[in-house]
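These notes are about the structure you will find just below.
The values are calculated or read from the model by the stated rules, or taken from the named source; none is laboratory data. What you are looking at is a predicted structure, and each value in this text was computed from that prediction instead of being measured. Cβ: placed from backbone, ideal geometry, glycine included. Neighbour counts: every protein chain shown.
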Amino acid sequence: MRSAPSLSVVIVALPGPRQPMPLACVREVIAVVPPSVSYDAADFGATPTRWVHADAPAGQRANIGISLASGDWVMVLNGSEHLAGDWIDQLGEMLAGGAVCAHRILPTRGGSPLLVAWRAAFAYGALDGRIDDCVAAMEHWLSDIFPSHGHRVLPREGSATHQADWLMTDRARLGATSTVDRIPRTDGDYDPRRFWEDGGRGWVKWEAYQPDEPEIRAIVARTHPDRVLELGCGGGRNGRYFESATRYAGLDISLPLLDRARDRRAENCIGLVCGDAVQLPFADASFDLVFAVSTLQHIVRERIVTCAADILRVARRYICMIEFTEELQNEETWFSQPHMFRHDYPALFSSHAALLLRRPTTLQIQPALKEVFLFEKRWP
């Protein structure tokens, strides 16, 4: 018998009665439910790692669960599925039988399909948070968002469809979902607040899986921060990496994104602030680590020096940023985007901080070089 797969189960619970589920064999269960839905651990046959209340469409609740998952594979359920007692063994054989990123599983006797996806595949795009049905959101991800990336760098690729006698559902098969706009549109000059608020209200590509996860974990292990400020915290997908800190604060320019971050807050979160990274509303030397991922690259050139100075002001010791720095192709398409700016980070910080680390990130999924920088502040 094969060992059980490293599987995280995300349950986006529907109102009303749910079927008991044999989930004690999985790595973790993350139940993301509306405040109006009652629940009990016995409903799912295991004690969930985490209960999360989120008053959001089902597609967005699924994103929240995926962003909190830690298994190699993620399965999203709506709470109405029937799973046979030996389902994990059969699923384990299915997952071990091919090098694809996603398995679309058709239930016996018809009904809505079930999707089991390799967690890293969500680096290519999250679910559309506006779709108020988790099955429809997953189907849309598989048919529209996931196939749109021709520059695959993951060791797995594509998807496979299977018929399974261990799965039954009570719901009729869904029809096709429509394609939706994925990138906020701009008219004229780049307005950061409008750009990210428009993007935060709908589909947000980067909120489910963090491709820079190895680098973030390594920085935390090296710096052991007690007080952390994250600039550009967005939908809150990075807060879980800093749960060992005593205090964590997140700042973002977009209120819709901060609304999403509230559903992912850990116990050490002392606040989520809507503000500008160029004018930080914090006291001098108030954070052991000031951290940013894909944030300073959105600061316009005219303001980046002021931004760096304010980061140095609020940092007590460490400053870490993970940012795109150079084009990997000759077309110069990446930094021609209205919201992308190339900055020389060592030059910005070297007068007041020592550069401890600079190296490319492990997973390069865009046509531009992404690097991690770690600085240690110098005191007069």
- prompt: Before we move on, is Ile253 over 24 Å from Val32 (Cβ atoms), of a type in the set (A, V, I, L, M), in contact with an Asp or Glu (Cβ under 7 Å, 6 or more places away or on another chain) and buried (at least 17 other Cβ atoms within 10 Å of the Cβ)?
  reply: yes
- request: Just give me the residues in region 255-264 being closer than 15 Å to Arg61 by Cβ and in contact with a strand residue (DSSP E or B) (Cβ under 8 Å, 6 or more places away or on another chain), in sequence order.
  value: Ala261, Arg262, Asp263, Arg264
message: Please return the ranges of strands (runs of 3 or more DSSP E) entirely within region 2-76 where 3 or more residues are over 22 Å from Leu91 (Cα atoms) and at pLDDT below 90.
response: 50-53
- request: Could you please find all residues in region 93-126 being crowded, with 20+ Cβ neighbours inside 10 Å and of a type in the set (S, T, N, Q)?
  value: Ser112
field: Count of region 312-344 residues which are free of Cβ contacts under 8 Å to residues at least 60 places away in the same chain, touching a strand residue (DSSP E or B) at 6+ places or on another chain (Cβ under 6 Å) and among the hydroxyl-bearing types (Ser, Thr, Tyr)
entry: 1
task: Any residue in region 36-64 that's more than 19 Å from Asp259 (Cβ to Cβ): show its pairings with residues that are among the basic types (Lys, Arg) and at pLDDT 85 or above at Cβ separation under 8 Å, as long as the two are six or more apart or on different chains.
output: none
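Conditions tested, residue by residue: (1) assigned to a strand (DSSP E or B); (2) more than 27 Å from Thr361 (Cβ to Cβ); (3) assigned by TED's automatic domain parsing to the domain that holds Ala261.
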{"residue": "Gly110", "(1), (2), (3)": "no, yes, no"}
{"residue": "Val116", "(1), (2), (3)": "yes, no, no"}
{"residue": "Phe122", "(1), (2), (3)": "no, no, no"}
{"residue": "Ile131", "(1), (2), (3)": "no, yes, no"}
{"residue": "Ala137", "(1), (2), (3)": "no, yes, no"}
{"residue": "Leu154", "(1), (2), (3)": "no, no, no"}
{"residue": "Gln163", "(1), (2), (3)": "yes, yes, no"}
Qualifying residues in region 219-241 (those that are part of a helix (DSSP H, G or I) and in contact (Cβ under 8 Å) with a residue 40 or more places away in the chain) - the one farthest from Ile311 (Cα to Cα): Arg240
message: Please verify whether Thr246 is exposed (fewer than 15 other Cβ atoms within 10 Å of the Cβ), outside the structural domain of Ala54 (by TED's automatic domain parsing) and modelled with pLDDT of 95 or more, treating the condition exactly as stated.
response: yes
message: Let me spell it out: the conditions are (1) part of a loop (DSSP other than H, G, I, E, B); (2) at pLDDT below 95, and His343 meets all of them except one. Which number is the exception?
response: (2)
message: Considering only region 330-340, I want to know if a residue exists there that is within 22 Å of the chain's Cα centre (by Cα), modelled with pLDDT of 95 or more and under 30 Å from Ile66 (Cβ atoms).
response: no
message: So, in region 270-300, how many residues would count as being buried (at least 19 other Cβ atoms within 10 Å of the Cβ) and among the charged types (D, E, K, R)?
response: 1
query: Could you say which residue among Pro346, Pro367, Pro281 is touching a Gly at 6+ places or on another chain (Cβ under 8 Å) and of a type outside the set (Gly, Ala, Ser)?
result: Pro281
Complete set of residues in region 363-380 that are farther than 20 Å from Thr333 by Cα, surrounded by 14 or more Cβ atoms within 10 Å (Cβ to Cβ) and of a type outside the set (D, E, K, R): Val372, Phe373, Leu374, Phe375
task: Confirm whether Val372 is closer than 30 Å to Pro147 by Cβ, at pLDDT 95 or above and of a type outside the set (Ser, Thr, Tyr).
output: yes
- prompt: Scanning region 102-149 for residues that are hydroxyl-bearing (Ser, Thr, Tyr) and within 19 Å of the chain's Cα centre (by Cα), which turns out nearest to Pro211 (Cα to Cα)?
  reply: Tyr124
query: Can you name every residue in region 182-211 that is at pLDDT 75 or above and either assigned to a helix (DSSP H, G or I) or closer than 17 Å to Asp276 by Cα (or both)?
result: Tyr190, Asp191, Pro192, Arg193, Arg194, Phe195, Trp196, Glu197, Asp198
statement: Taking region 45-74 and keeping residues among the β-branched types (Val, Ile, Thr) and crowded, with 18+ Cβ neighbours inside 10 Å leaves Ile64, Ile66, Val74
